[in-house]
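Chemist: Structure in structure tokens, see below.
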Amino acid sequence: MTFTNGSTVSDIALSNPGARNILEDAGIDYCCGGGISLQEACLRANVSAVEILQKLQLKSEALSSDEARWTSAPLTDLTRHIRTRHHAYVRDAIPRLRAMLAKIREKHAGNHPEVGEIDKFFAKVSRDLLMHMQKEEQILFPFIDSLERASLADGQIEPPFFQTVRNPVYSMMKEHDSAGKLMRRIHEASNGYQPPSSACTTFRAAYQALDEFEKDLHLHVHLENNVLFSRAVALEPCVFCQARS
């Protein structure tokens with residue numbers, strides 16, 4: 001696939017895992033900021049669009065079967081994948097990371113005050129994400145699943161209390177933006193997850209785990225913002241048109 005400066009970041013991220021890695025390494029936001037052009041994204045990240053395009057060209061591998069299936073697989077499969085892969089990861093990672101951050105804050109905050117800041121930011125993003133995922137699992141995902149069943153004539157659907165799927169989608173995307181901003185502040189405070197040379201094993205492990213957490217969050221949000229939500233928004237009018245006819 002050939003990209004240009006005008007290609008959207010989300011289209012590039014959807015093309016293949018290698019493309020996402022290039023964007024990730026360049027510090028380009030492909031999940032919350034996926035709707036802008038590559039040119040604008042590179043300006044924001046202060047990187048060369050020419051160099052990014054060259055790397056993408058060299059890395060122009062075919063869309064993997066795993067990637068391809070999420071753009072066309074049943075939405076119920078995608079909501080299940082997000083719950084079992086990404087939501088489960090977040091719930092498992094949060095208590096372990098909170099414990100590690102508390103330990104290094106207690107032992108190292110005197111010499112490394114940034115650790116206290118990181119702990120505060122991660123406590124906030126943890127609370128926000130846990131509430132966010134609960135809303136998705138209890139309200140939005142079940143509605144998206146029912147939309148798909150209705151589109152296949154496998155059940156009826158009533159207009160939801162939130163009027164249209166666009167409303168909770170908008171709210172979830174705003175919350176994604178907030179989580180992304182908090183993780184960027186953690187990224188900056190930790191010097192890109194680079195521990196000081198004198199850091200103990202727990203210190204290094206915590207930074208490595210935070211790096212993994214942010215990367216998983218990028219993919220998690222990408223699958224929701226750029227795949228699941230856009231497909232659900234496109235499907236909804238068709239379902240209610242069928243119901244009225």
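The values are calculated or read from the model by the stated rules, or taken from the named source; none is laboratory data. Remember, it's a predicted structure, so these values are computed and weren't measured experimentally. Every residue, glycine as well, gets a Cβ built from its backbone with ideal geometry; the counts of neighbours run over all protein chains shown.
Chemist: Just to be sure I understand, how many residues within the range 178-216 are polar (S, T, N, Q), within 16 Å of ASP119 (Cα to Cα) and assigned to a loop (DSSP other than H, G, I, E, B)?
Modeler: 3
Chemist: If you don't mind, another one. Look through HIS176, HIS187 and report the one residue that is under 24 Å from the mean Cα position of the chain (by Cα), free of Cβ contacts under 8 Å to residues at least 60 places away in the same chain and under 27 Å from PHE213 (Cβ atoms).
Modeler: Just one listed residue meets the conditions, HIS187.
Chemist: In the range 143-153, is there at least one residue being more than 18 Å from the chain's Cα centre (by Cα), at pLDDT 95 or above, part of a helix (DSSP H, G or I) and among the charged types (D, E, K, R)?
Modeler: Checking the range 143-153: at least one residue is more than 18 Å from the chain's Cα centre (by Cα), at pLDDT 95 or above, part of a helix (DSSP H, G or I) and among the charged types (D, E, K, R).
Chemist: Condition test on MET133, is it surrounded by 13 or more Cβ atoms within 10 Å (Cβ to Cβ), among the aliphatic types (A, V, I, L, M) and under 22 Å from ALA102 (Cα atoms)?
Modeler: It is false that MET133 is surrounded by 13 or more Cβ atoms within 10 Å (Cβ to Cβ), among the aliphatic types (A, V, I, L, M) and under 22 Å from ALA102 (Cα atoms).
So that you can scan it fast, the table gives a plain yes or no per residue for (1) surrounded by 14 or more Cβ atoms within 10 Å (Cβ to Cβ); (2) farther than 30 Å from ASN111 by Cα:
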| position | (1), (2) |
| --- | --- |
| GLN163 | no, yes |
| THR201 | no, no |
| LEU210 | yes, no |
| LEU223 | yes, yes |
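Chemist: So GLU175 ticks every box in (1) closer than 17 Å to THR76 by Cβ; (2) in contact with a helix residue (DSSP H, G or I) (Cβ under 8 Å, 6 or more places away or on another chain); (3) surrounded by 16 or more Cβ atoms within 10 Å (Cβ to Cβ) but one. Which box is left unticked?
Modeler: (1)
Chemist: If you go through the range 220-232 one residue at a time, do you hit one that is farther than 17 Å from ARG83 by Cβ and not aliphatic (A, V, I, L, M)?
Modeler: Yes - at least one qualifying residue is present in the range 220-232.
Chemist: While we're on this one: Return the only residue of ILE82, ILE104 being of a type in the set (Val, Ile, Thr), within 18 Å of THR201 (Cα to Cα), in contact with a Phe, Trp or Tyr (Cβ under 8 Å, 6 or more places away or on another chain) and in a helix (DSSP H, G or I).
Modeler: So the residue among ILE82, ILE104 that is of a type in the set (Val, Ile, Thr), within 18 Å of THR201 (Cα to Cα), in contact with a Phe, Trp or Tyr (Cβ under 8 Å, 6 or more places away or on another chain) and in a helix (DSSP H, G or I) is ILE104.
Chemist: Quick one: would you say ILE94 is farther than 28 Å from ARG69 by Cβ, β-branched (Val, Ile, Thr), in a helix (DSSP H, G or I) and at pLDDT 95 or above?
Modeler: Criteria met by ILE94.
Chemist: Out of the residues in the range 47-79 that are outside any helix (DSSP H, G or I) and modelled with pLDDT of 75 or more, which is farthest from SER7 (Cα to Cα)?
Modeler: Here the residue is PRO74.
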